[in-house]
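Heads up: the structure comes next, in structure tokens.
The values are calculated or read from the model by the stated rules, or taken from the named source; none is laboratory data. Treat the numbers as computed from the prediction; the structure is a model and nothing was measured. No Cβ is skipped: glycine too gets one built from the backbone with ideal geometry, and neighbour counts run over all protein chains shown. Please note that ligands, DNA and RNA were not included when accessible areas were found on the heavy atoms of the full protein model with its side chains. Shrake-Rupley method; radii C 1.70, N 1.55, O 1.52, S 1.80 Å.
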Amino acid sequence: MPGEVDKTDLYDRMENFMNDLRKDERLGSCEVARRTVDLLRRLISQTKWTSVQDLMDQVWEAGKQLMGADPSESRVGNMVRRVLKIIREEFVSGLREDGGIEADGAEAPLDSLSVDYTQPCPNLKATVIESIGELLQEIDGSAENIAQQALEHIHADETIMTFGGSKTVEAFLKNAGRKRKFHVICTEGDPQFGGQTLAKNLAAADINVTLVPNSHVFAMMARVNKVIIGTHTILAEGGLKAPCGIFNMALAAKEHKVPVFVCASTYKLSPEQFRSEVQEGFQKYVDPNVFYPLEEFAGIEGVEFGNVVYEHIDPEYIHLFIFNTGTNAPSYVYRLVKELYHPDDLDLNV
Amino acid sequence: MAPKGKSKNDDLKQEEILQAVVIADSFNVRFAPATDKKPRALLPLVNVPMLDYTLDYLASEGVQETLVFCCHHADQIRAHLRDSKWGDGKSSMSVKTILSEGCRSVGDVLREVDSRSMIRSDFFLLSCDTISSVNLKALMKDHKEGRDKIKSCVMTATYMKTSPLDRMRCVEDNVFLAVDPTTQRICYYQTQSLDTRVKVPVEVFVTYGDVLLHQDLLDSQLYVCSPSVLHLFTDNFDYCSVEDFIKGILINEEILGNTIHVNVLRNKYCARITNPYMYGIISQDIIRCRTQPINPCLKIGHRTETISCRRPNIYQSADVTIASGVNLKQNVVIGKGTTIQGQTEISDSVIGHNCRIGAKVTMEGCYVWDNVTIEDGCELRNSIICGNVTVYAKTTVQPRSILGWDVKVGPDVTLEANLRLQDAPCKDEFADESEEEVIPEVTPEYGTKSRAFACSQDAGSDDDESDPFSGDWGDPLVPKDRGDIEDDDSAPGSDLEDDEDSGEEIEEDDDFGMFYSEFLDTLKRAKEEHIKTENVILEVNSLKHAYNIAIGDVHQAVIKVLVDVPLKENANAPDKALLAAVLRHLETYKELLTHYINKMEPQIDCLNSLEDFALENERVLSILPKVVHYLYNADIVEEPAIMQWYRTPPVEDEEEEHAKVRRQMKAFVTWLQEAEEESEEESD
């Protein structure tokens, strides 16, 4: 049958991706986002569908499967929502061109009540794939876009404190370092010790670096002008889901009245609100063996080990988000969420 | 030269495909009666069938073809795989199920694999209950590199570095290895419990020079095998397990030139659920994320529901109903659709789907499967509760129990520990088929509403008498109270002291002492490894020559050893159990006795030896008449010998002891005389 495209390659790719996610092989957030979008693009180009609703269902189904690999990996879900939104937008604009929707409808909110997604729509595939291509470009260029804003935030002779080994922050600091002299205090960010790599790379780029253990944050904070950090996820209310250790730094910064800036691409922006520490995908435990040599505790009863990966940081500790699309206050994040995602796609678990 | 070119091509092809053989059966009844209605591979581990973990792991490690061997309840395994994601061909790994009901051991399975010639290159061999996070591709690479260096390598066995004090170390999985540190080749292999003294033959050191002795390894039972392993199994049809195989390869190393290598895993998890004890330990490790990336949230198999998690390791599905006042202490997993009522305390437990747990229940270290009802006020510790079980109110389930499928117990009873219950009485295989057995509806010994029958472990273990642990729960290598890390020296423990005591006795008579202790060890080993009695006789003869022992002393030693071995093993058992053990042991080695003790003189030697032993040891004295009775019945010691021994006058200074033994024996001798007279009368 000509309609049946061999999908084994796609399934293999999806499985590979899910395995990588699950094994926690420290995929960069950019890579996670890009691979998710890429897989969805392949899916769309290889799938036959009868209506837009059908297509969205298929994307949603695949997205759900991908998200299942690691529930704490919110970036996969974010990208699925972005792709769904693209499909919806392209469909509506396609209809508009055909005169299916009156010109007045252009300003109407795009919710499912006003649009009938079961209508057929020619040429949709091509336009959707084109728009997804644009999304991929945005993802790839996001770190650079953020870095370009560096000179607006970092001034000469400042002392900056950062945490762990965020690639976005590294590009940001390096870009500022080309023009200005400043001092960076890196914390190690154990157990991954990404901070050590960051310090090495910054030193290679001729930036003054001091590497300190996580425990020194409070002692060093007195001399710091700004805290610039990366994060795992930005929640819809403006809070963060960030690697453990950042909350400690945010508290120290608040105590010393030091502003905290967060560098993040928009693909880290999740429509989820922080409800409680118990919510799904928030708590992630990994092998405690990384921290404690369990062998030394062999035979000892009553000691429990835990290695939690993420913690929540309230919006009140953050002063500014530096997105690839511009800078925003935490109170404005909800607005971005509304712009980026369609309200019907917010809860993908239904 | 065409064939050569072709074989090269084949080699290239072989490089590409990774194969694994999964044995979906354990060939034992350690989990009876849980394995009566479901195969071992489908028993839930943290609410997911064990097999799903294994297959998911293999697929995620890039294995392309997996052969699943099913024996017991094969249809269930097949149905399960058909419904899973392995059945619809969407996965990159193809799973083939192979039914082989005739297989009774791992060896049989591998011979079957060989006969079907389904293996094309090096493959992984593992069991359905292996939980692992090892990088298989790296393992295969190591294996192949090792084989390039040393052509004779047929297998790489993986071991996880774990301290002997770790809870994961289990008595029966314990191994002692001598490894050549440069080639990682196994020089000496011994399975043993920690208490027995390690004895490495001198030849090992002579042949290999530097060897590393390992007591800190956990046998992961994950093997990388070359295809020749299959041929070796076919050639040696007496190999039952991989353990036999390793021992066989080591013994024949000089002849066949095959070697086995080890891969020691550090900071990686790989362990097998060999018994209910390990089931608990591995469940706990999954909950504690030690098995990363496997954790209780992982969506594998049929688990699609979202599971939330909070400190300290409490995992629960979204649609769980938990009343206020429930205390989930730590390390708890609760499956979907379960309800728990107020004032219940749960710690270190896994609760399956759709369970109903009443109020004021205490649960500690319990593994409760699906659709279980536990009523108010129950107390459960350290047990496995299979599916559809009902525990009525105020019932106490003590540690190490397994309540089988559909069992009902209670209300208001306290079950004994180590209990295994099933929902139907054991079928007597020899019973008349036509005779309809009346199955009682209620079994009062387990409560007024109960329906439970003791699971007789002997019935199930008929096939594998060779498994000395069958039906056992399993024990940690170093018991909890001895797991004190401070004094490492005392860690080997109290049983060793017994050995030392006997060592002191031995000092008195050097040659005989040495001979005796060697003899004792030989017999112990024979028991562990099931060496045939005639071989034991050969060994004893060679020992006799080695230590220059008179034949009379051998006679004395034989009986003493045969009583001594079970005595040491059952040091704390009640007299009755001890007697049973001694008699069983004598029965097993009857051949040994009849070989040595055949004439009048040896018979008297034998009795004298027993007398001496009885005087040394109170417990032997107490069972002495029964033992002599047994020997008499078995025609090893005859009546005249007994009478002669009984009437021997006491040696000087030992009148009292002499009298003590005679007192003990009086009843038996009287009986013997009467029996003799009667039979004489009859013959008249």
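Brief remarks follow.
- Comparison of B:626, B:660 shows that the only residue that is within 25 Å of residue B:578 (Cβ to Cβ), under 34 Å from the mean Cα position of the chain (by Cα) and assigned to a helix (DSSP H, G or I) is B:626.
- When the range A:184-216 is filtered for residues that are of a type outside the set (Val, Ile, Thr) and open to solvent by 60 Å² or more (accessible area, probe 1.4 Å), the ones remaining, listed by number, are A:192, A:193, A:196, A:200, A:204, A:206, A:208, A:211, A:215, A:216.
- Consider the range A:298-347 and keep the residues that are over 22 Å from residue A:281 (Cβ atoms), within 11 Å of chain B (Cβ to nearest Cβ) and touching a Ser or Thr at 6+ places or on another chain (Cβ under 9 Å). The one that is most open to solvent (accessible area, probe 1.4 Å) is A:299.
- Filtered residues of the range B:591-609 (kept if open to solvent by 50 Å² or more (accessible area, probe 1.4 Å), under 10 Å from residue B:552 (Cα atoms) and either aromatic (Phe, Trp, Tyr) or not in a helix (DSSP H, G or I) (or both)): none
- Yes/no for residue A:243 being more than 30 Å from residue A:151 (Cβ to Cβ) and more than 14 Å from chain B (Cβ to nearest Cβ): no
- Subset of the range A:262-283 [modelled with pLDDT of 80 or more and among the charged types (D, E, K, R)]: A:268, A:272, A:275
- If you check B:280, B:248 for being part of a helix (DSSP H, G or I) and closer than 18 Å to residue B:128 by Cα, only one passes: B:280.
Yes/no per residue for (1) within 14 Å of chain B (Cβ to nearest Cβ); (2) outside any helix (DSSP H, G or I); (3) modelled with pLDDT of 85 or more:
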{"position": "A:24", "(1), (2), (3)": "yes, yes, no"}
{"position": "A:30", "(1), (2), (3)": "no, no, yes"}
{"position": "A:43", "(1), (2), (3)": "yes, no, yes"}
{"position": "A:53", "(1), (2), (3)": "no, no, yes"}
{"position": "A:59", "(1), (2), (3)": "no, no, yes"}
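- Flag if residue A:18 is open to solvent by 20 Å² or more (accessible area, probe 1.4 Å), closer than 30 Å to residue B:294 by Cβ and within 14 Å of chain B (Cβ to nearest Cβ): yes
- Answer from A:178, A:223 - the residue that is out of contact with any strand residue (DSSP E or B) (no Cβ under 7 Å at 6 or more places or on another chain), modelled with pLDDT under 95 and not assigned by TED's automatic domain parsing to the domain that holds residue A:55: A:178
- Residues of the range B:83-90 include at least one that is surrounded by fewer than 16 Cβ atoms within 10 Å (Cβ to Cβ), of a type outside the set (Gly, Ala, Ser) and touching a Phe, Trp or Tyr at 6+ places or on another chain (Cβ under 6 Å).
- Flag if residue B:333 is open to solvent by less than 40 Å² (accessible area, probe 1.4 Å) and more than 24 Å from residue A:73 (Cβ to Cβ): no
- Filtered by the rule that a residue be in contact with an Asp or Glu (Cβ under 8 Å, 6 or more places away or on another chain), in a strand (DSSP E or B) and open to solvent by less than 10 Å² (accessible area, probe 1.4 Å), the range B:35-51 gives a lone residue, B:45.
- Every condition in (1) away from chain A (no Cβ under 14 Å); (2) assigned to a strand (DSSP E or B) holds for residue B:203 except the one numbered (2).
- Positions within the range B:77-122 being under 30 Å from the mean Cα position of the chain (by Cα) and assigned to a loop (DSSP other than H, G, I, E, B), in sequence order: B:100, B:101, B:102, B:103, B:104, B:105, B:119, B:122
- For the residues B:255, B:273, the requirement of being surrounded by fewer than 20 Cβ atoms within 10 Å (Cβ to Cβ) and of a type in the set (A, V, I, L, M) singles out B:255.
- Which listed residue is in the same structural domain as residue B:605 (by TED's automatic domain parsing) and more than 15 Å from residue B:610 (Cα to Cα), from B:661, B:669: B:669
- Conditions (1) surrounded by 15 or more Cβ atoms within 10 Å (Cβ to Cβ); (2) in contact with a helix residue (DSSP H, G or I) (Cβ under 7 Å, 6 or more places away or on another chain); number of the one not met by residue B:120: (1)
- Screening the range B:144-175 for residues that are open to solvent by 30 Å² or more (accessible area, probe 1.4 Å) and at the interface with another protein chain (Cβ under 9 Å from one of its Cβ atoms) and picking the one that is nearest to residue B:133 (Cα to Cα) gives B:161.
- Yes/no for residue B:310 being modelled with pLDDT under 85, over 27 Å from the mean Cα position of the chain (by Cα) and facing chain A (nearest Cβ under 10 Å): yes
- Considered as a group, the residues in the range B:288-314 that are β-branched (Val, Ile, Thr) and in contact with an Asp or Glu (Cβ under 8 Å, 6 or more places away or on another chain) include one that is surrounded by the fewest Cβ atoms within 10 Å (Cβ to Cβ), and that residue is B:306.
- The sole residue among B:110, B:43 that is in contact with a Phe, Trp or Tyr (Cβ under 9 Å, 6 or more places away or on another chain), within 20 Å of residue B:294 (Cα to Cα) and more than 14 Å from chain A (Cβ to nearest Cβ) is B:43.
- Qualifying residue in the range A:207-226 (condition: within 21 Å of residue A:148 (Cβ to Cβ) and without any contact (Cβ under 8 Å) to a residue 60 or more places away in the chain): yes
- Taken over the range A:277-297, the residue count meeting the criterion of being facing another protein chain (nearest Cβ under 7 Å), open to solvent by 30 Å² or more (accessible area, probe 1.4 Å) and outside any loop (DSSP other than H, G, I, E, B) is 2.
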